[in-house]
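One structure is given here, and the rest of the page talks about it.
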Amino acid sequence: MRVLLAAIRCEKGDIAGNLASHLAIVDQAASAGCDLAEGRPHITQVLAGGGQVLGVQRKRHLGEGEESFEPAREHAALSWAGVRFGAAICAEAGYDAPFDAAAASGARLVLFPAAPGLRGRRSSESAWQAGFAWWEECALGDASRHARRLGLWIALAGQAGSTADEDFPGLAALVRPDGSIAARLPDWRAGLLTVDIPV
């Protein structure tokens, strides 16, 4: 399965601009022969492939500042191009249940979209590096732990860059079932990563 993982910048409230960015990513994914494209994360993740909605996964474990949302109870069992997969959204990486549910459904891949806001604005290269280092340790640490624990491939794509009121650490990566990193973007900057996943 070929997947395009996108660490992109999405300005809050810029619906037209964000939609244009997403459509450009979908076009690039199609040009690269990708089966799936994973981009801007939301508390509700809509997964699409081949011009159709494959499924919806609502966030089951909420993060700090998300108290006004109601967590989901259900785990979506998703399938595309002959591959079963699950989704774990942002702060859910710190919980076993989303990954366990994916493995129990026969998934061999978990998509891990995330948009962890950084505390404070990033005004220097060193400030961006510090925020990125925090997220790199959390995201890749959790993804590697779950991958090893369950023998799953985990594909991570995160929100990148500054928006009107918040900064995001980016990062797109693919983690192998043994917990090692198969491919990744180098830092917090927006970027696209196309990966082939042998599932």
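Among the residues of the range 164-190, write down those that are surrounded by fewer than 18 Cβ atoms within 10 Å (Cβ to Cβ) and closer than 14 Å to GLU136 by Cβ.
ILE181, PRO186, ASP187, ARG189 - these are the residues of the range 164-190 that are surrounded by fewer than 18 Cβ atoms within 10 Å (Cβ to Cβ) and closer than 14 Å to GLU136 by Cβ.
So in the range 131-145, with the set limited to residues that are of a type outside the set (A, V, I, L, M, F, W, C) and more than 14 Å from CYS90 (Cα to Cα), which one is modelled with the lowest pLDDT?
Taking the candidates together, the pick is GLY131.
Would you mind stating whether ALA72 is within 28 Å of TRP134 (Cβ to Cβ), touching a residue at least 40 places away in the same chain (Cβ under 8 Å) and crowded, with 16+ Cβ neighbours inside 10 Å?
no
Restricting to the range 143-161, name every residue that is surrounded by fewer than 18 Cβ atoms within 10 Å (Cβ to Cβ) and part of a helix (DSSP H, G or I).
Hits for the range 143-161 are ARG145, ARG148, ARG149.
Just for the range 1-23: of the residues that are in a loop (DSSP other than H, G, I, E, B), in contact with a Gly (Cβ under 7 Å, 6 or more places away or on another chain) and not β-branched (Val, Ile, Thr), which one is surrounded by the most Cβ atoms within 10 Å (Cβ to Cβ)?
Among those that are in a loop (DSSP other than H, G, I, E, B), in contact with a Gly (Cβ under 7 Å, 6 or more places away or on another chain) and not β-branched (Val, Ile, Thr), it is ARG9.
Just to verify a result, which residue in the range 123-142, among those that are farther than 10 Å from TRP188 by Cα and in contact with a Pro (Cβ under 9 Å, 6 or more places away or on another chain), is surrounded by the most Cβ atoms within 10 Å (Cβ to Cβ)?
My answer is ALA139.
Please return the ranges of strands (runs of 3 or more DSSP E) entirely within the range 38-122 where 1 or more residues are under 28 Å from ARG189 (Cα atoms) and in contact with a Pro (Cβ under 8 Å, 6 or more places away or on another chain).
Per the criteria, 44-49, 52-58, 83-87, 109-114.
Condition first: in contact with a strand residue (DSSP E or B) (Cβ under 9 Å, 6 or more places away or on another chain) and either of a type in the set (Val, Ile, Thr) or under 19 Å from GLY141 (Cβ atoms) (or both). Now tell me which residues in the range 88-102 satisfy that.
ALA88, ILE89, CYS90, ALA91, GLU92, ALA93, PRO98, PHE99, ALA102
Residue by residue through the range 162-192, note down the ones that are part of a strand (DSSP E or B) and aromatic (Phe, Trp, Tyr).
Listed by number, the list holds a single entry, PHE168.
Count, please, the residues in the range 56-77 that happen to be polar (S, T, N, Q) and at pLDDT below 80.
1
Could you list, in sequence order, all residues of the range 27-47 that are over 14 Å from the mean Cα position of the chain (by Cα) and in contact (Cβ under 8 Å) with a residue 12 or more places away in the chain?
Within the range 27-47, GLN28, ALA29, ALA32, GLY33, CYS34, ASP35 qualify.
Does the range 130-141 include one or more residues that are touching a residue at least 40 places away in the same chain (Cβ under 8 Å), of a type outside the set (S, T, N, Q) and on the phi > 0 side of the Ramachandran plot?
Scanning the range 130-141, I find no residue that is touching a residue at least 40 places away in the same chain (Cβ under 8 Å), of a type outside the set (S, T, N, Q) and on the phi > 0 side of the Ramachandran plot, so the answer is no.
Identify the single condition in (1) aromatic (Phe, Trp, Tyr); (2) more than 18 Å from SER180 (Cβ to Cβ); (3) in contact with a strand residue (DSSP E or B) (Cβ under 9 Å, 6 or more places away or on another chain) that TRP153 does not satisfy, given that it satisfies every other one.
(2)
Restricting to the range 92-119, and then to whatever is without any contact (Cβ under 8 Å) to a residue 40 or more places away in the chain and surrounded by fewer than 21 Cβ atoms within 10 Å (Cβ to Cβ), can you tell me which residue is nearest to the chain's Cα centre (by Cα)?
Across the range 92-119, the extreme among qualifying residues is TYR95.
The values are calculated or read from the model by the stated rules, or taken from the named source; none is laboratory data. Note that the coordinates shown come from a computational prediction; the quantities given were computed from them, not determined experimentally. Here Cβ is always computed from backbone atoms with ideal geometry, including for glycine, and neighbour counts include all displayed protein chains.
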